[in-house]
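Participant: A single structure is presented below for examination.
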């Protein structure tokens, strides 16, 4: 089973709950476990917050989602200036830069591709876990058992 969605949103903090709602509803509808959904929602929220804060003032940002073969891939694209170089010592309590560390802790793979002339693309990838009784999880296990 495969699922795809795409959103083009204004650079406005009110767009972030829309991304969370669409992503969460799609994953829950497939039967993804709540812990896994929560991890992905925090990670995508962090990436979208960065897009809203750092994209060009007149630009939108885009979010695409793709679920296939038990893996969720989310791509967040903006046309901003990209991550700024980190100061030498931000201190333990500094909030700047935490989003990337949070995303890295919650997903299996994080890739950030950024250039001043083309913006930033954040790729989040996470292997999904399923709720007990989830149709997709059961189908996947059944297909793997029959194939193997």
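Read-outs throughout are calculated quantities, based only on the coordinates presented, and are distinct from any laboratory measurement. Predicted model only: the values in this text are computed from it and were never measured.
Participant: Provide the gained length on full extension for the span residue 18 to residue 100, in nm with one decimal, where the gain is 0.36 nm per separating residue minus the Cα-Cα distance.
Facilitator: 27.4 nm
Participant: A follow-up question, please. Once you treat every alpha carbon in segment 1-54 as an equal point and sum by Debye, what is log10 I(q)/I(0) at q = 0.16, 0.22, 0.27, 0.31 Å⁻¹?
Facilitator: -0.48, -0.83, -1.10, -1.27
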